[in-house]
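> If you scroll down you'll find the structure; I have some questions about it.
Taken together, the values in this text are just the output of simple stated rules run on the coordinates, not laboratory data. This is a predicted model, so every value here is computed, not measured. Note that we place each Cβ from the backbone using ideal geometry, even for glycine, and neighbour counts take in every protein chain shown.
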Amino acid sequence: MTRGRGFFRWSVLVAGFVFLYAPIALLVIYSFNASRLVTVWGGFSPRWYIALLDDRQMVDAAFISLRVAFVSALFATALGTCAAIALARLGSFRGRALFAAMVMAPLVMPEVIMGLSLLLLFVALDAPRGFWTIVLAHATMGMCFVAVVVRERLEGVDRSIEEAAMDLGASPAQALLRVTLPIAMPSILAGYVLAFTLSLDDFVIASFTSGPGSTTLPMRVYSQARLGVSPEINAISTVMIGFVAALLCVHALARASRRARD
Amino acid sequence: MSSSDPLIRVDSVRKRFGGVTAVDDLSLDIGHGEFFALLGPSGCGKTTLMRMIAGFETPDEGRILLDGEDIAATPPHRRPVNMMFQSYALFPHMNVERNIAFGLERERMPRADIAARVDEMLRLTQLEPLRRRRPDQLSGGQRQRVALARALAKRPRLLLLDEPLAALDRKLREETQFELMEIRRGLGMSFMLVTHDQNEAMAMADRIAVMREGRIEQMGPAREVYRMPATRWAAGFIGEINLFEAIALRDASAGQACDMRLRDAPEAAPISLTCDAPLRAGQEVAVAVRPENLALRRGAPGAACLRGDVVELAFRGDTTLARVRLPSGFVARANAPGAGGESLTRGEAVCLSFDVAAARVLAS
Ligand SMILES: Nc1ncnc2c1ncn2[C@@H]1O[C@H](COP(=O)(O)OP(=O)(O)OP(=O)(O)O)[C@@H](O)[C@H]1O
Ligand SMILES: [Mg+2]
């Protein structure tokens, strides 16, 4: 009886993971396929990775994506942290509920609507679309995720510690710099990583807000895939997966070592 | 500023939180170098009062004066007042040493002086072996000592201590009490202490205020508050006390002796006691007597004596606490010195008497 239950639980777990990760595993495996046919295994070969290096458009797109992610995550983290501090620490101010709702809204708003409205805004402002419009759009999207993560952390910490800092002679600015921000730092870093990966894999918003010469990697991959899936796309996708996985690993290791040090 | 000004004067201060009046028209002074203790039940506004003095709450009404000057416009970090928070509020990302040094660094004290002061505080609070630990690696009592050390380190003119020793064991608590009194003597700082432990307040404070629902019920020198409670409530709150119901037999003005009859000794001769408030004939009052002032004799029905039966005996080392049920059903507590108490048995008829000088009439 217990055995049966245990077996059932394990099979559900395995089925779930297979469902989630089998396509990704296939994608990774076929990126090393020697054959041009996506569905036929023709032996191991790194040839698509080498072909990738020669594909200037793809490489450019990858660098644009990385730069957009890097810069927009910086903006998102700065803005999101400010919003989180306002929500978690300033007490009640006029319009607080509205502010909280508006900071959180992009979490649930369909990306298409966000992309479209940003496009309309940029058109109305007559802003040339390109790198910076994508950065702004991604910063807007990322900041609410950062705000949620940082706010969560701040609300878990006794409010009176900032009061204690001020009581001991720290000005409000010093209390922020020496007490609030260091305490929130792990969550701020986590927020940055989150905003970075969200920006890296965003397709919808980038499509609306990009301009000529600023095609991001997901957009490039999508347009190529429409012409037929080449193993080269598998290769670039594998690189992206590897990159995000490495980023998450570094973040986890940094956390673990900080824990161990204390 | 004149030299006669108190260090802190709280002048008719009121603070409301929504519908709750946490502090209600409260006035008090704390003198230079004074040790002031605040006693009161949970939720009576002690922390709120301290937070207003430290600058974290703004009074709705009234003023707070430091050296005779209104400090309403002074932000917390500029007030020469430090507070030890009831929740400790330690900095979780700093170790014990850095927590204690934080306030000194803000003053831009030279490094060597900071190190010396931190060492001194660590020694004082017996935290030396834990100096590199972070707050989440400490026990509750250890955290409390860090909070105390951190607040003390700056040597403020007024130190606000919100239940500073509640989490310490008895021995450590007594040692720390002693250390605090030493520090206060050495540095001439003023202290305001919130405590739920009356013995602590009695032992350390020059003056005590008993708070109730945001107001001061009674304030005065520690001994006086204990010996001469002003109201039934204050009497019951501080220490153990017997409140015997009595009836005034004639009118008397305040300060005049008045005859009264104890309800539990109807046939005894009336006793004559002085009351602070005017009394009317027939008015019901309470006669308050501390257990240690209540003499207990066996059997022998004397003249002015309350007769009753022993219902319970608790040996407390040098004395025996006897609970004696009187005819009205009131259970009085009396301390019999060791030798007399040990031979008592439960159910025995005894007789209680007291010296009128040790009794106090409470009209309210
Ligand atoms: N920030 C606040 N918002 C609303 N009500 C509050 C706030 N702070 C205190 N109160 C209320 O004010 C009253 C006094 O609170 P306070 O913390 O001063 O009590 P206290 O005497 O320190 O109690 P304790 O001995 O339990 O610490 C309580 O009824 C409390 O609920
Ligand atoms: Mg309190």
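> Report, in debye and to the nearest 20, how large the dipole of chain A comes out about its Cα centre when Lys and Arg carry +1 and Asp and Glu carry -1 on their Cβ.
Values: 21 positive and 15 negative charges, 124 e Å.
The calculated dipole for chain A is roughly 600 debye.
> Assuming R0 = 35 Å, what is the FRET efficiency of A:ALA51 and A:ILE113, from their Cβ-Cβ distance, to the nearest 0.05? Before the final figure, lay out each step's value.
On the way: r = 38 Å, r/R0 = 1.08.
In this case the efficiency is close to 0.40.
> List the residues whose amide H sits under 5 Å from the amide H of B:ARG16, counting only those 5 or more places along or on another chain, with H placed 1.01 Å from N in the peptide plane.
Here the answer is B:ALA22, B:ASP60, since their amide H atoms fall under 5 Å of that of B:ARG16.
> Roughly what would the spin-label model give for A:PHE63 and B:GLU105, points 7 Å off Cα along C-beta, in nm?
According to this spin-label approximation, the distance is 4.2 nm.
> Can I ask one more? Say the dipole of region B:123-274 comes from +1 at the beta carbon of Lys and Arg and -1 at that of Asp and Glu; which of B:MET211, B:ALA234, B:LEU165 then lies farthest toward its positive end?
Going by the charge dipole, the pick is B:LEU165.
> Step through the residues of region A:120-126 one at a time and calculate ³J(HN,Hα) from phi using the Karplus curve (6.51 cos²θ - 1.76 cosθ + 1.60, θ = phi - 60°), rounding each to whole Hz and writing x for Gly and Pro.
Taking θ as phi minus 60°, the curve returns 4, 4, 5, 5, 4, 7, 6 Hz for region A:120-126.
> Next question. Quick one: angle between helix A:2-30 and the longest Cα principal axis of chain A, in degrees between 0 and 90, rounded to 10, please.
Once rounded, one gets 70 degrees.
> Using a 4.7 Å Cβ cut-off, which Cys residues in chain B lack a partner cysteine?
Result for chain B is B:CYS44, B:CYS258, B:CYS275, no neighbouring Cys Cβ within the cutoff.
> Oh, and also: Can you give the Kirkwood hydrodynamic radius for region B:1-137, in Å, rounded to one decimal and based on Cα pairs?
Numbers: mean 1/r = 0.0581 Å⁻¹.
One over the average 1/r among Cα pairs gives 17.2 Å for region B:1-137.
> Can you order the peptides B:169-178, B:101-110 by their average number of other Cβ atoms within 10 Å per residue, highest first? Don't skip to the answer; put the middle values down first.
Details: B:169-178: 13.9, B:101-110: 17.4.
Output ranking for B:169-178, B:101-110: B:101-110, B:169-178.
> Quick one: Cα convex hull volume of the protein assembly as shown, Å³ per residue? Before the final figure, lay out the partial values.
Numbers: hull volume 172.4 nm³, N = 626.
Each residue corresponds to 275 Å³ of Cα convex hull volume.
> In whole Å and largest first, what semi-axes does the C-alpha gyration tensor of chain A yield when each eigenvalue is scaled by 5 and square-rooted? Don't jump to the answer; show the numbers that get you there.
Details: eigenvalues 300, 147, 63 Å².
Those come to 39, 27, 18 Å.
> Then there's this: If the elastic network links every pair of Cα atoms under 10 Å, which of B:GLY329, B:GLY141, B:GLY45 fluctuates the most in the Gaussian network model of chain B?
Maximum among the listed residues: B:GLY329.
> Measuring from centroid to centroid over Cα atoms, what is the spacing of region B:106-179 and region A:81-123 in Å?
43 Å
> Roughly how crowded by other chains is peptide B:82-92, in terms of the mean Cβ count from those chains within 10 Å of each of its Cβ atoms? Please report the intermediate quantities before stating the final value.
Numbers: counts 4, 5, 2, 6, 1, 5, 4, 11, 3, 9, 6.
Taking the mean over all residues of the peptide, I get 5.
> Using a ≥ b ≥ c from the Cα gyration tensor of region B:240-362 (square roots of the eigenvalues), is it rounded, prolate or oblate, where a/c under 1.5 gives rounded and otherwise the larger of a/b and b/c decides, a/b for prolate? Intermediate results must be reported in sequence, preceding the final value.
Numbers: a/c = 2.51, a/b = 1.97, b/c = 1.28.
Cα axes put region B:240-362 in the prolate bin.
> Now for a different question. Calculate how steeply helix A:231-261 sits against the longest principal axis of the alpha-carbon atoms of chain A, using the helix alpha-carbon long axis, and give the answer as 0 to 90 degrees to the nearest 10.
The two axes meet at around 30 degrees.
> Same structure, new question: What FRET efficiency, computed as 1/(1 + (r/R0)^6) with R0 = 41 Å and r the Cβ-Cβ distance, is obtained for B:ASP11 and B:THR345, rounded to the nearest 0.05?
Efficiency, from the Cβ-Cβ distance: 0.10.
> By how many degrees, between 0 and 90 and to the nearest 10, does the Cα long axis of helix B:170-187 differ from the longest principal axis of chain B?
Here the helix axis deviates by roughly 70 degrees.
> For B:LYS15, go through the lysines and keep the ones whose alpha-carbon is under 26 Å away, minus same-chain ones fewer than eight residues off.
B:LYS46
> Work out the FRET efficiency for B:GLU292 and B:ARG132 from their Cβ-Cβ distance, taking R0 = 56 Å, and round it to the nearest 0.05.
Numbers: r = 48 Å, r/R0 = 0.86.
After rounding, the FRET efficiency stands at 0.70.
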